[in-house]
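Engineer: Questions regarding the structure given below will be posed in turn.
The values are calculated or read from the model by the stated rules, or taken from the named source; none is laboratory data. Please read these numbers as outputs of a predicted model, since none were measured by experiment. Cβ placement follows ideal geometry from the backbone for every residue including glycine, while neighbour counts extend to all protein chains displayed. SASA here: full protein model, heavy atoms, side chains in, ligands and nucleic acids out. Shrake-Rupley method; radii C 1.70, N 1.55, O 1.52, S 1.80 Å.
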Amino acid sequence: MNKKKITNLEFSTINYFVTRAFLIGITFNGLISVMKQDSFIIPLLSIIPSIILVFIVNSFMNFEPSLNFSQKLNKLFNKKISLLILIICIIFTYFMCTLNFLCLNSFIQSQFLTKTPILAISILFGLATLYILSKGINTISRTSLILFYIGLVLLIISSLGLVQTINFDNLKPLFTSSPINYIEGLNIFYAFNITPMLLLTSIPKDKIDKPKIKKYLIISSILSAVTIFILVFQTIAVFGYELSSLYEYAAFHVLKHVSLFGLNSRIESILVMQLLFDVFMYNILAIYFIGDNIKSSFKFKNTNIIYFCVCFLVIIGTLFLSKYNIYLDNLMKSIIPITITLFSIFIIIIISIKKTKSSKE
């Protein structure tokens, strides 16, 4: 195997993380507000649109497999249109990365470092992100694989530790949500936990050793949906949706009820790392997407400078958005999800149409 290439497993673990990244503090809260005790059904229903998007991503990555996202756009469209599409995608990715980075830093500050300024926390995570980015996609993929194994162990421990505290009465009455609620719930999940898969298109297929993209993305997407189902199900089964809706980070607080071998003292501080890995890896891939495409489009030689600038802007954006947390909470349950959904569908359609025409010519 060529050491300069990433493996299918490494590639799929990146997808696993980025499709779980918005669960804590965003997706969970949105689902609870719309679906109540039926919230755990949505991750399972989302498997179908996830697989559909896998086929779309696979098709796009098969087109000119040696090129990244921006280079493929240049092949499909004229220079002005491809640049316009790229700039819009970069701005959108920047906003989503900043939103996710804010969630990470707000969570750390509110639950662990209450007296630490959010700027200090942002800089700390920013430096860790920059270090991994500076090592290239190979290090990113290997980091993802290592964190995946650790996260999977933590998930198993937390799931087993919560079994004895589950109360099925908290799930009743089931299936009370209306069809509109299901549409809204699926929209929230699609926007925050399926569309991040599109960031993988910046990794050229040729960088993957013996690529089996479709197979591994389907497996990782299903695994992601199932693990989210487990987390949401157990949280509601332990707390009930009323109490879950009162917590800003219910998926974290439920971990305080984990008890293994009689030990339950602050174990949630370790178990919650599985959720933080998701957010951390998403931020890395999002900044990689922005930096890599800016480099190839504008012919910059030093990618690390671009990563530094993007990371700096993300920190600035985080500080700005932190002042409007109350407004963001409402927007993330209404306007933001539908905007993300419509934008992603629009981009997918115009690229797919152009790619189909290009293939026929």
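Engineer: What number of residues in the range 144-165 are open to solvent by 30 Å² or more (accessible area, probe 1.4 Å) and of a type in the set (Ser, Thr, Tyr)?
Structural biologist: 2
Engineer: So which of 43, 65 is touching a residue at least 12 places away in the same chain (Cβ under 8 Å), in contact with a helix residue (DSSP H, G or I) (Cβ under 6 Å, 6 or more places away or on another chain) and open to solvent by 10 Å² or more (accessible area, probe 1.4 Å)?
Structural biologist: 65
Residue-by-condition table, conditions (1) open to solvent by 20 Å² or more (accessible area, probe 1.4 Å); (2) modelled with pLDDT of 95 or more:
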| residue | (1), (2) |
| --- | --- |
| 47 | yes, yes |
| 50 | no, yes |
| 81 | yes, no |
| 104 | no, no |
| 110 | yes, no |
| 114 | yes, no |
| 118 | yes, no |
| 122 | no, no |
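Engineer: Of everything in the range 197-207, what is farther than 23 Å from residue 93 by Cα and surrounded by 22 or more Cβ atoms within 10 Å (Cβ to Cβ)? Give them in sequence order.
Structural biologist: Selection gives nothing.
Engineer: Working carefully through the options 248, 242, find the one that is acidic (Asp, Glu), surrounded by fewer than 23 Cβ atoms within 10 Å (Cβ to Cβ) and in a helix (DSSP H, G or I).
Structural biologist: Within the list 248, 242, the selection yields 242.
Engineer: Quick one: is residue 98 open to solvent by 10 Å² or more (accessible area, probe 1.4 Å), closer than 21 Å to residue 309 by Cα and polar (S, T, N, Q)?
Structural biologist: It is false that residue 98 is open to solvent by 10 Å² or more (accessible area, probe 1.4 Å), closer than 21 Å to residue 309 by Cα and polar (S, T, N, Q).
Engineer: I would also like to ask the following. Quick test for you: out of 146, 156, pick the one residue that is more than 22 Å from residue 53 (Cα to Cα), β-branched (Val, Ile, Thr) and at pLDDT 95 or above.
Structural biologist: The match here is 146.
Engineer: Yes or no: the range 261-278 includes at least one residue that is open to solvent by less than 10 Å² (accessible area, probe 1.4 Å) and among the charged types (D, E, K, R).
Structural biologist: Among the residues of the range 261-278, at least one is open to solvent by less than 10 Å² (accessible area, probe 1.4 Å) and among the charged types (D, E, K, R), which makes the answer yes.
Engineer: Working only within the range 291-343, note down all residues that are among the β-branched types (Val, Ile, Thr) and either modelled with pLDDT under 85 or closer than 14 Å to residue 99 by Cβ (or both).
Structural biologist: Answer for the range 291-343, where residues must be among the β-branched types (Val, Ile, Thr) and either modelled with pLDDT under 85 or closer than 14 Å to residue 99 by Cβ (or both): 314, 315, 316, 318, 326, 335, 336, 339, 340.
Engineer: Another question about this same structure. Report whether or not residue 283 is polar (S, T, N, Q), within 18 Å of the chain's Cα centre (by Cα) and open to solvent by less than 30 Å² (accessible area, probe 1.4 Å).
Structural biologist: Spelling it out, residue 283 is indeed polar (S, T, N, Q), within 18 Å of the chain's Cα centre (by Cα) and open to solvent by less than 30 Å² (accessible area, probe 1.4 Å).
Engineer: Shifting gears a bit: Hey, among 102, 83, 73, which residue is more than 19 Å from residue 299 (Cα to Cα), in a helix (DSSP H, G or I) and of a type outside the set (Gly, Ala, Ser)?
Structural biologist: Sole residue among the options that is more than 19 Å from residue 299 (Cα to Cα), in a helix (DSSP H, G or I) and of a type outside the set (Gly, Ala, Ser): 102.
Engineer: Which of the residues that make up the range 299-330 are crowded, with 17+ Cβ neighbours inside 10 Å, closer than 15 Å to residue 118 by Cα and β-branched (Val, Ile, Thr)?
Structural biologist: Residues satisfying the conditions are 314, 315, 318.
Engineer: Please go through the range 14-37 and pick out each residue that is over 24 Å from residue 220 (Cβ atoms) and of a type outside the set (A, V, I, L, M, F, W, C).
Structural biologist: Matches in the range 14-37: 29, 33, 36, 37.
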